Amino acid sequence: MKTILEQSMQKMKQGEEQAFEIVYELTKKQVFFTILSIIKDYGIAEELMQDTYIRLRKNIAKYQSNTNANAWIVR
C-alpha cells in the first residue's frame, strides 16, 4: 500500500498542483530541522528550505516511484 506521501509525489509528477501542498505539509518539519541541524542559522535555514521545495518542483520528474520520498526530498 502506498503512503500518502508517495501517492502525492506521483500526483505531482502527473502535474497535479494540489499534491504539492500535501507533500509540503508532510515533509516541512523534517526538511527544516535537517537543514537547521547542518546550518545552525534559523534565517538561512528558512531560505534553504524554500530553495529545497523550488528544486523539488523543478525535479519531480526525476523522482523514482516507490523509493524513500522523505530521503529524496531531504537530499
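The values are calculated or read from the model by the stated rules, or taken from the named source; none is laboratory data. Because the structure is a prediction, the values reported are computed rather than measured. Virtual Cβ from ideal backbone geometry, glycine too; neighbours counted across all protein chains shown. Protein only, heavy atoms only, side chains kept; ligands, DNA and RNA dropped before computing areas. Shrake-Rupley method; radii C 1.70, N 1.55, O 1.52, S 1.80 Å.
Conditions (1) part of a helix (DSSP H, G or I); (2) modelled with pLDDT under 95; (3) under 9 Å from the mean Cα position of the chain (by Cα); (4) on the phi > 0 side of the Ramachandran plot, marked per residue:
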residue: 31; (1), (2), (3), (4): yes, no, yes, no
residue: 34; (1), (2), (3), (4): yes, no, no, no
residue: 47; (1), (2), (3), (4): yes, no, no, no
residue: 51; (1), (2), (3), (4): yes, no, no, no
residue: 56; (1), (2), (3), (4): yes, no, yes, no
residue: 60; (1), (2), (3), (4): yes, no, no, no
residue: 67; (1), (2), (3), (4): no, yes, no, no
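Which of the residues spanning the stretch 5-20 are surrounded by 12 or more Cβ atoms within 10 Å (Cβ to Cβ), free of Cβ contacts under 8 Å to residues at least 60 places away in the same chain and in a helix (DSSP H, G or I)? Give the derivation first.
First pass over the stretch 5-20, keeping only residues surrounded by 12 or more Cβ atoms within 10 Å (Cβ to Cβ): 5-13, 16, 19-20.
From the residues that got through so far, the ones that are free of Cβ contacts under 8 Å to residues at least 60 places away in the same chain too are 7-8, 10-13, 16, 19-20.
Passing the criteria: 7, 8, 10, 11, 12, 13, 19, 20.
For the stretch 50-74, which positions are touching a helix residue (DSSP H, G or I) at 6+ places or on another chain (Cβ under 7 Å), farther than 12 Å from residue 9 by Cβ and not hydroxyl-bearing (Ser, Thr, Tyr)? Can you show your working first?
Taking the stretch 50-74 and keeping what is touching a helix residue (DSSP H, G or I) at 6+ places or on another chain (Cβ under 7 Å), we get 52-53, 56-57, 60-61, 63, 65-66, 69-70, 73-74.
Then keep just the ones that are farther than 12 Å from residue 9 by Cβ; that gives 52-53, 74.
Correct list: 74 only.
For the stretch 46-75, enumerate the residues that are among the β-branched types (Val, Ile, Thr) and farther than 12 Å from residue 30 by Cβ. Steps first, please.
Of the stretch 46-75, the ones among the β-branched types (Val, Ile, Thr) are 52, 54, 60, 67, 73-74.
The answer is 54, 60, 67.
The rows are residues; the columns are (1) open to solvent by less than 40 Å² (accessible area, probe 1.4 Å); (2) touching a residue at least 60 places away in the same chain (Cβ under 8 Å); (3) more than 14 Å from residue 23 (Cβ to Cβ).
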site	(1), (2), (3)
44	no, no, yes
50	no, no, yes
53	yes, no, no
56	yes, no, no
64	no, no, yes
68	no, no, no
75	no, no, yes
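Looking only at the stretch 1-21, which residues are within 16 Å of residue 70 (Cα to Cα), modelled with pLDDT under 95 and among the aliphatic types (A, V, I, L, M)?
Of everything in the stretch 1-21, nothing turns out to be within 16 Å of residue 70 (Cα to Cα), modelled with pLDDT under 95 and among the aliphatic types (A, V, I, L, M).
Out of (1) open to solvent by 90 Å² or more (accessible area, probe 1.4 Å); (2) closer than 18 Å to residue 67 by Cβ, what's the single condition that is false for residue 34?
(1)
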